[in-house]
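The values are calculated or read from the model by the stated rules, or taken from the named source; none is laboratory data. Since the structure is predicted, the reported quantities are computational estimates derived from the model, not experimental observations. Neighbour counts are summed over all protein chains in view; Cβ atoms, including those assigned to glycine, are modelled from backbone coordinates with ideal geometry. For accessibility, only protein heavy atoms count, side chains too; no ligands or nucleic acids. Shrake-Rupley method; radii C 1.70, N 1.55, O 1.52, S 1.80 Å.
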Amino acid sequence: MTDHAYLTWLYVPGDRPGVVAKALGSGADVVLVDLEDAVAPDRKGYALDATAELLADKHEVPVHVRVNALDGPLAEREIRRLTPLPGLDALRLPKVTGPDDLTRVLDWAVDVPPLYALLESALGIENAYTIAGHPRVRGIALGEADLRAELGVTDAAGLAWPRGRAVVAARAARLPPPPQSVYPDVRDTEGLARSCAEGRALGFLGRTAIHPRQLPVIEEAFLPTEPEVAAAREIVRTAAADAGALALPDGRFVDAAVVADARRVLTLTERRS
């Protein structure tokens with residue numbers, strides 16, 4: 001499965017190996033082992049040891065690790081210890097503000113895996129395209145809790161511009177659409193579904209989750225509808241038959257970007273089979 005087909009990313013605390021083991025069988029497309037916010041300060045060392053033990057083997061589900069703040073005392077040690085391990089598929093970097101943060105990570109370890117940058121500050125949003133365009137970055141996403149606090153935002157309307165900025169920056173850098181940030185109320189599945197629909201309309205693809213019960217709601221919200229699948233098939237058929245400007249039977253013209261998006265829709269459709 002490619003990054004373009006990931007819809008569900010499940011956060012699990014690194015100091016709870018039993019929960020991590022269950023997450024690997026939860027159906028999530030990616031398991032995000034968290035060493036940062038989900039782990040109490042006095043559990044950080046244990047979380048790193050447990051995560052290193054987990055990553056000694058490769059897993060069928062991609063495992064990403066969110067390390068601690070890059071300007072703090074823990075991240076360098078975590079990255080140096082984890083990057084050589086075969087089970088680590090990617091690093092998720094918190095509070096990235098610019099390319100210098102990424103350079104710092106590359107200086108700490110050899111053969112660093114793909115990087116996913118979290119934009120959680122005003123400066124990170126301002127530098128979104130520069131961060132997304134870094135050659136080792138595979139994806140970006142928003143960390144909306146910290147961003148809300150820094151901006152003094154009290155409702156979702158205040159995040160409209162940062163959300164749009166993240167989507168545009170990712171696509172401009174030829175990255176997959178970013179996933180939405182977590183929905184914190186794990187019991188409110190109806191609210192989660194509505195929020196996912198809003199995020200999908202903004203250009204997000206998939207979502208990070210904090211509980212397995214959120215996974216099917218997220219997946220269903222971001223899977224293409226039957227009319228979308230039919231339209232995508234028509235576009236791909238037309239593209240296969242015409243190497244020039246593409247004219248659909250209804251008279252609409254489409255270009256390469258539309259064809260690429262149609263192929264992504266069909267890739268997502270395969271998840272229903």
Residues located in region 174-198, provided they are among the hydrophobic types (A, V, I, L, M, F, W, C), part of a loop (DSSP other than H, G, I, E, B) and open to solvent by 40 Å² or more (accessible area, probe 1.4 Å): V182
For region 1-14, name all the residues that are outside any strand (DSSP E or B) and either in contact with an Asp or Glu (Cβ under 9 Å, 6 or more places away or on another chain) or of a type in the set (A, V, I, L, M) (or both). M1, A5, Y6, L7, G14
Tell me whether region 102-111 contains one or more residues that are assigned to a helix (DSSP H, G or I), free of Cβ contacts under 8 Å to residues at least 24 places away in the same chain, open to solvent by 60 Å² or more (accessible area, probe 1.4 Å) and not small (G, A, S). yes
Looking at region 81-100, I want the residues that are open to solvent by less than 10 Å² (accessible area, probe 1.4 Å) and have a partner that is of a type in the set (D, E, K, R) and modelled with pLDDT of 95 or more with Cβ atoms under 6 Å, at least 6 apart or on another chain. Which pairs are those? G87/D57; G87/K58; R92/R66; P94/E36
Write out, first by first residue and then by second, each pair whose Cβ atoms fall under 9 Å of each other, whose residues are 6+ apart or on separate chains, and whose first residue, in region 55-72, is open to solvent by less than 10 Å² (accessible area, probe 1.4 Å) while the second is of a type in the set (F, W, Y). H64/W9; H64/Y116
Pick out the one residue from Y6, Y11 that is under 19 Å from the mean Cα position of the chain (by Cα), over 16 Å from W108 (Cβ atoms) and at pLDDT below 95. Y6
Which one of A56, A28, A21 is in a loop (DSSP other than H, G, I, E, B), of a type in the set (A, V, I, L, M, F, W, C) and under 30 Å from L268 (Cβ atoms)? A28
Some residue of region 112-131 being crowded, with 21+ Cβ neighbours inside 10 Å and of a type in the set (F, W, Y): yes
If you scan region 199-224, which residues turn out to be part of a helix (DSSP H, G or I) and open to solvent by less than 30 Å² (accessible area, probe 1.4 Å)? G199, Q214, L215, I218, A221, F222
Within region 140-161, the residues that are free of Cβ contacts under 8 Å to residues at least 40 places away in the same chain, under 14 Å from P94 (Cβ atoms) and among the acidic types (D, E) are E144, E150
Checking the structure you have, find out if any residue of region 66-89 is among the basic types (K, R) and more than 26 Å from D29 (Cβ to Cβ). yes
Report whether or not L54 is among the aliphatic types (A, V, I, L, M), under 16 Å from V105 (Cβ atoms) and modelled with pLDDT of 95 or more. no
